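The values are calculated or read from the model by the stated rules, or taken from the named source; none is laboratory data. It should be emphasised that the depicted structure is a prediction, and the values quoted were computed from it without experimental measurement. Neighbour counts are summed over all protein chains in view; Cβ atoms, including those assigned to glycine, are modelled from backbone coordinates with ideal geometry. For the accessible areas, the whole protein counts, side chains as well, though only heavy atoms, and no ligand, DNA or RNA atoms are used. Shrake-Rupley method; radii C 1.70, N 1.55, O 1.52, S 1.80 Å.
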Amino acid sequence: MEQYEPDLSPAQLAAMRRSLRNARARSAPFSMSRRSLLRASAGGALAVGGLAGLTGCGIPAAGKTQGGAPSTDHSAEEKVINFSNWTEYIDLSDDEKHHPTLEAFTKRTGIKVNYTEDINDNNEFFGKIKPMLAGGQDTGRDLMVLTDWLAARLIRYGWVQKLDPSLLPHAYTNLAAQFRNPDWDPGRAYSYPWQGIATVVAYNTKATGGKKITSVSQLLDDPSLRGKVGMLQEMRDTVGMTLLDMGKDPGSFKADDFDAAIARVQKAVDKKQIRRFTGNDYISDLSKGDLAACLAWAGDIVQLQADNPHVQFAIPDAGYLSSTDNMLIPNKARHQSNAERLMDYYYEPPVAAELAAWINYVTPLDTDIIKPELAKIDKDVANNPLIVPDKAMSAKAHAFRSLSAKEDSAFEEKFAKLTGA
């Protein structure tokens, strides 16, 4: 088990402050707009199947060997799950006081879910749980949703529980191929995606004069966009998309490739091509046309398009960056089996469809499985490749490779100099 790194470097702390100000978030105004559309079209109806015993599907039961410190499972006598997630990242009832999918799970299983939206930023949340995990203590959580790079860190430290595949039959069967084998968790032994995140090129046709913007090269070099381009403050997104545009694979790049990508973006900064580096506050600027084009997160664009027909997106021929927010069970969790049942529940197609229709991020289920269910709720959502990637889009997905602690610190320092953080 790798030792965890000491305090964050100045560059990493700057990255954390950027995230706290402008992190990828679930934007409430646009979520509200999307909910209104759902009420008009589908009424938020939820159809769920039974939690039938599918251990006869050829999925072997795992031993109770854990990722780090052994833990006693109290699921049998304590019918509860303590679930930590990001804000605005689950379905809501019309009065916005209930979570229909969670309530349906409780009704079916008798397991109460204490659902808490206490994750606003990966680094901030890591600061909360690190002392307890490092000390071999219970965090008070049975399930938490973390972005892939932090999930990788916790797995590397041995701070999360190894999953029992026999309790995850739907997840094992229905997970899309592109999410099955991340380099930080091959075969998904410790995690399963909650939702996927696609980084794409977005533009406002009114601001571009009708011109289509389809590549990072245009963002960095097209003189008609000078001073009206936005790049993301998240290092992996901006550098990853630039690497792809340069013909490099974000999943296997070298340090020299990283430096070349930084130099490429620096050149655009120097000639004032880039207006600014943003979090998801690009939403307002893109909608108004203050930004003509930018790197963007797909979930934001889906929600924005519902209100602004001028906002468009493109998947560059070079590909796009794909990442995931992932469900993990921390060490010393009291209710591992209950948590695994909930993880698997969200891989039942009707449940996954309800979730995807509300939050508009990339569903982690195989397209052929999820699309028919999602079409019952909202055909537009089902046919949107930013939510249900077709085979062509899936083929263009690339993940940013895992970084060592030393690389993470060095790369963030270089990126901080680039953005002026």
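Listing for the model above:
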quantity	calculated
Qualifying positions in the stretch 328-341 - surrounded by fewer than 24 Cβ atoms within 10 Å (Cβ to Cβ) and not in a loop (DSSP other than H, G, I, E, B)	Ser337, Arg341
Exclusive hit being among the aliphatic types (A, V, I, L, M), open to solvent by less than 10 Å² (accessible area, probe 1.4 Å) and in a helix (DSSP H, G or I), set Leu286, Leu291	Leu286
Residue in the stretch 374-381 that is hydrophobic (A, V, I, L, M, F, W, C) and under 30 Å from Gln233 (Cα atoms) present	yes
Every residue from the stretch 351-410 that is part of a loop (DSSP other than H, G, I, E, B), among the charged types (D, E, K, R) and farther than 18 Å from Ala314 by Cβ	Asp366, Asp378, Arg401
Single unsatisfied condition, Gln312 versus (1) surrounded by fewer than 24 Cβ atoms within 10 Å (Cβ to Cβ); (2) assigned by TED's automatic domain parsing to the domain that holds Arg156	(2)
Long-range neighbours under 7 Å by Cβ, at least six apart or interchain, first residue free of Cβ contacts under 8 Å to residues at least 60 places away in the same chain and within 19 Å of Asp94 (Cα to Cα) within the stretch 343-361, second part of a helix (DSSP H, G or I) and open to solvent by 10 Å² or more (accessible area, probe 1.4 Å)	Ala353/Glu373; Ala353/Ile377
Restricting the stretch 104-163 to residues that are among the basic types (Lys, Arg) and crowded, with 19+ Cβ neighbours inside 10 Å, the residue that is nearest to Glu77 (Cα to Cα)	Arg141
Asp325 open to solvent by less than 10 Å² (accessible area, probe 1.4 Å) and not in a helix (DSSP H, G or I)	yes
Residue match in the stretch 357-364 (condition: of a type in the set (Ser, Thr, Tyr) and at pLDDT 95 or above)	yes
Residue check for Phe277: open to solvent by 50 Å² or more (accessible area, probe 1.4 Å), part of a strand (DSSP E or B) and farther than 30 Å from Arg108 by Cβ	no
Yes/no for Asp164 being more than 21 Å from Tyr115 (Cα to Cα) and either outside the structural domain of Gly289 (by TED's automatic domain parsing) or among the aromatic types (Phe, Trp, Tyr) (or both)	yes
Candidates Ala260, Ala255, Ala207, filtered to the one that is under 28 Å from Leu146 (Cα atoms), at pLDDT 95 or above and either surrounded by fewer than 24 Cβ atoms within 10 Å (Cβ to Cβ) or assigned by TED's automatic domain parsing to the domain that holds Leu168 (or both)	Ala255
Among the residues listed as His170, His98, the single one being free of Cβ contacts under 8 Å to residues at least 24 places away in the same chain, in contact with a Leu (Cβ under 9 Å, 6 or more places away or on another chain), assigned by TED's automatic domain parsing to the domain that holds Leu342 and over 16 Å from His335 (Cβ atoms)	His98
Failed item, numbered, when Ala189 is tested on (1) more than 25 Å from Gly279 (Cα to Cα); (2) modelled with pLDDT under 95	(2)
So Tyr347, is it more than 23 Å from Lys107 (Cα to Cα), of a type in the set (Ser, Thr, Tyr) and open to solvent by less than 40 Å² (accessible area, probe 1.4 Å)	no
Test set (1) of a type outside the set (Lys, Arg); (2) crowded, with 24+ Cβ neighbours inside 10 Å; (3) modelled with pLDDT of 95 or more - Gly299 fails condition number	(3)
Unique match (being outside any helix (DSSP H, G or I), surrounded by fewer than 19 Cβ atoms within 10 Å (Cβ to Cβ) and of a type in the set (S, T, N, Q)) among Ser93, Ser75	Ser93
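Residue-by-condition table, conditions (1) more than 22 Å from Phe313 (Cβ to Cβ); (2) of a type in the set (D, E, K, R); (3) buried (at least 21 other Cβ atoms within 10 Å of the Cβ); (4) over 24 Å from the mean Cα position of the chain (by Cα):
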residue: Tyr203; (1), (2), (3), (4): no, no, yes, no
residue: Lys212; (1), (2), (3), (4): no, yes, no, yes
residue: Gln233; (1), (2), (3), (4): no, no, yes, no
residue: Thr238; (1), (2), (3), (4): no, no, yes, no
residue: Asp249; (1), (2), (3), (4): yes, yes, no, no
residue: Lys267; (1), (2), (3), (4): yes, yes, no, yes
